[in-house]
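Below are the structure tokens for one structure; questions will follow.
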Amino acid sequence: MTLIRTTMAALVLAAMPLCQARTATPIPSNFASTGADRQAIETLLDTYTRAVSTKDQALFETLLLNKDIPFSDVDSAVKSQGAELGTARYESFRRGVFEGPPFTQKFQDVRIAQDGPLAEVSLVFVNSSTRGSSWGWKTLQLLKVAGKWKIASEFYTGHG
């Protein structure tokens, strides 16, 4: 039994360099976005809140990869269970925001992670209007296309 354990341990130790060799690039301990990319993503987020708060649909749509991206409140996505509606619900969002009553949106607790041309943003949004306020949490997936960051998906919750 001791010989079997010793042999197994030797095999595991011998295989370790092979496993390590497959990971040529070290895996980062975090995916912090820095420098010009971080600034560009923050500018995208500032443009997002400005476009929504001023009902500038054309400006908002410049931020999107396209209008068919996954873009949905979580309740609708879960209720549809991937059926008919699915998650490509930008049109519903567009009507609610750009044709609905005015409000001001602010972001807080913004967290940005990035690996090359892929970034993830999570944040809390707060909407304020004469009718009260609401809030939610959203996650955005961003892709850097032709040097510009674009929203490739958005999912959000809503409260209040």
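From the phi angles alone, apply the Karplus equation (6.51, -1.76, 1.60; θ = phi - 60°) to segment 126-141 and give each ³J(HN,Hα) in whole Hz, x where the residue is Gly or Pro.
These are the phi-based 3J(HN,Hα) values: 10, 9, 10, 8, 5, 8, x, 9, 9, 8, x, 10, 9, 10, 10, 9 Hz.
Give the relative contact order (percent, whole number) for segment 33-109; include only Cα pairs under 8 Å separated by 6+ residues.
Working: 58 pairs, mean separation 27.4, N = 77.
Relative contact order here is 36 percent.
Residue by residue through segment 144-160, what is 3J(HN,Hα) from phi via Karplus (6.51 cos²θ - 1.76 cosθ + 1.60, θ = phi - 60°)? Round to whole Hz and write x for glycine and proline.
Calculated HN-Hα couplings, in order: 8, 10, 6, x, 10, 7, 10, 6, 9, 6, 8, 10, 8, 10, x, 9, x Hz.
Can you figure out the FRET efficiency of residue 88 with residue 29, using R₀ = 30 Å and their beta-carbon distance, to the nearest 0.05? Present the calculation step by step, with values, prior to reporting the outcome.
Numbers: r = 35 Å, r/R0 = 1.16.
With a Förster radius of 30 Å, E is 0.30.
Label residue 104 and residue 55 with points 7 Å out from Cα along Cα→Cβ: what is the distance between them in nm?
Modelled inter-label distance: 1.7 nm.
Then there's this: Please give the length that would be gained between residue 79 and residue 64 if that part of the chain were fully extended, namely 0.36 nm times their separation in residues minus their C-alpha to C-alpha distance (nm, one decimal). Working shown, then result.
Details: separation 15, 0.36 × 15 = 5.40 nm, distance 2.46 nm.
Length gained, residue 79 through residue 64: 2.9 nm.
What are the ³J(HN,Hα) couplings of segment 47-58, residue after residue, when phi is run through the Karplus curve with 6.51, -1.76, 1.60 and θ = phi - 60°? Round to Hz, x for glycine and proline.
Couplings: 5, 4, 5, 5, 5, 5, 5, 9, 6, 9, 4, 4 Hz.
We did not get these values from a lab; they are worked out from the coordinates using the rules stated. These numbers come from a predicted model, not from an experiment. Heads up, the Cβs are rebuilt from the backbone with ideal geometry, glycines too, and the neighbour counts pull from every protein chain shown.
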